[in-house]
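Peer 1: Sharing a structure, written as structure tokens. Questions coming.
The values are calculated or read from the model by the stated rules, or taken from the named source; none is laboratory data. Only a predicted model underlies this, so the values are computations on that prediction, with no experimental measurement involved. All Cβ positions, even for glycine, are placed from backbone atoms using ideal geometry, and neighbour counts span all protein chains on display.
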Amino acid sequence: MYVNNNKDIRKNQMEVLTDKTQKGEERPWRENKLKTLSLAKSYERIGNTRKADRVKNCSSQLIYKKDKNTGIKKLHSMISCQVRLCPMCAWRRSLKIFGQTSKIMDKALENKEYRFIFLTLTCRNVEGKELSKIIDNLFYAFKKMMLKTKVKQIVKGWFRALEVTHNLDKKSKDYNTYHPHFHVILMVNKSYFTDTKQYLSQKDWTSLWKDCLRVDYMPIVNIKAFKTNTKKEVEKSVAESAKYTVKDNDYLIVNDEKMTDETVSILDGALANRRLVAFGGELKKIHKSLNLSDIEKASVNTDSDDDVVLRDDVNYVFEVYNWNIGYNNGQYLKVKEIDKKEN
Ligand SMILES: [Zn+2]
């Protein structure tokens, strides 16, 4: 596929990768690659050598496509491990989710008949050994709530994302417990806010959620308006719900291998085989109509969902960067440039 004019880069010409966003911020490739190595070590220690190998090799090579005239470059391909806790893959996935959700919301907002609200549905903090079972119950409760007549009447579409936080505050009574919860965007009729028959107060949502969760305490439920006046507001709102499932510093714990391994092992089991992010109703239909890929299965190996588009007819070159752990405590270094002749 790529031919000729391959230029192998000599040692003294080593070029460290820089990859900036349109806003000029450096993309965190190096940071995430270093974190994948910490995770690989943890998988090794807990005896999961298969995952350790996958994570260790994740994103070891990045191939960029660069417009020769403008110098603008875009990730063309990489090989990712797709392990759920992999910090690199999680970062790439979060960009994808943000991209998709933004596109879907832009489309949904074209229809002025609808409004959007945020819901955060939580439960009490739980011990690691209970986490998987409690997450099962959260999924069950969400499904049940969406089927309630009252909810079905007002909710036209939804987006939900699971987030799990891990309390690492040694002074907290909840130290080393987990807090699984859902961030939800609900698409409702415009009349929802004015029609008292439709409107559900915070208290109503709480008791509905309590009922579906089948618990004997009042779970915390937050409701917030989803601001949609400007594109920036929409982006901010989307970013608030389309977050990471777990932040990597909640399981890659500095100077504490024992806690890291225990947490990796708990989360690895509790998050396996779940649909962590999903769309429903009208939002699912829009997802389909926009031909977006299934987020859970989508490849994170390309930048297809971002705004930079390199046309195929421009003069471009492929730049190949390899991860080099021996160089400056780990860097991506350019090892090859390949002129595009035929693709
Ligand atoms: Zn990965």
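Peer 1: How many residues are in a loop (DSSP other than H, G, I, E, B), farther than 25 Å from Glu296 by Cβ and within 14 Å of the ligand (Cβ to nearest atom) when one looks only at region 34-83? I'd like the intermediate steps shown before the answer.
Peer 2: Residues of region 34-83 in a loop (DSSP other than H, G, I, E, B): 46-48, 58-60, 68-72, 79-83.
So of that shortlist, the ones also farther than 25 Å from Glu296 by Cβ come out as 47, 68-72.
Going one step further and asking which of them are within 14 Å of the ligand (Cβ to nearest atom), we end up with none.
The number of residues fulfilling the criteria is 0.
Peer 1: Further, regarding this structure: Six or more apart or on different chains, Cβ atoms under 7 Å: show the pairs whose first residue is in region 211-232 and assigned by TED's automatic domain parsing to the domain that holds Met187 and whose second is of a type in the set (Gly, Ala, Ser) and surrounded by 13 or more Cβ atoms within 10 Å (Cβ to Cβ).
Peer 2: That search, which allows pairs on different chains as well, returns Cys212/Ala141; Leu213/Ala141; Phe226/Ser237; Lys227/Ser237.
Peer 1: The conditions are (1) within 16 Å of Glu233 (Cβ to Cβ); (2) at pLDDT 95 or above; (3) not hydrophobic (A, V, I, L, M, F, W, C), and Tyr140 fails exactly one of them. Which is it?
Peer 2: Here Tyr140 clears every test but (1).
Peer 1: Right, something else. Filter region 13-29 for residues that are surrounded by 14 or more Cβ atoms within 10 Å (Cβ to Cβ), over 22 Å from Ala90 (Cβ atoms) and out of contact with any Lys or Arg (no Cβ under 6 Å at 6 or more places or on another chain) and give the result.
Peer 2: Met14
Peer 1: Here's something else I'd like to know. Hey, can you tell me all the residues within region 84-101 that are part of a loop (DSSP other than H, G, I, E, B) and in the same structural domain as Trp158 (by TED's automatic domain parsing)? Break it down into steps so the answer makes sense when it comes.
Peer 2: Initially, region 84-101 is screened for residues part of a loop (DSSP other than H, G, I, E, B), giving 84-86.
Within region 84-101, no residue meets the criteria.
Peer 1: Could you identify the single residue in Val188, Val184 that is at pLDDT below 95 and either part of a strand (DSSP E or B) or surrounded by 16 or more Cβ atoms within 10 Å (Cβ to Cβ) (or both)? Show your work before the answer.
Peer 2: On the way: Val184 fails: at pLDDT below 95.
After applying the criteria, what remains is Val188.
Peer 1: Look at Thr101 and say whether it is touching a Phe, Trp or Tyr at 6+ places or on another chain (Cβ under 8 Å), modelled with pLDDT of 95 or more and either within 16 Å of the ligand (Cβ to nearest atom) or not hydrophobic (A, V, I, L, M, F, W, C) (or both).
Peer 2: Values: touching a Phe, Trp or Tyr at 6+ places or on another chain (Cβ under 8 Å): yes; modelled with pLDDT of 95 or more: no; either within 16 Å of the ligand (Cβ to nearest atom) or not hydrophobic (A, V, I, L, M, F, W, C) (or both): yes.
So Thr101 does not fit the description; no.
Peer 1: So, in region 229-252, exactly how many residues are in a helix (DSSP H, G or I), of a type outside the set (Val, Ile, Thr) and more than 13 Å from Ser94 (Cα to Cα)?
Peer 2: Step one: filter region 229-252 for residues in a helix (DSSP H, G or I), giving 231-241, 248-250.
Those still in the list that are of a type outside the set (Val, Ile, Thr) too: 231-233, 235-237, 239-241, 248-250.
Still in the list and also more than 13 Å from Ser94 (Cα to Cα): 231-233, 235-237, 249-250.
Total meeting the criteria: 8.
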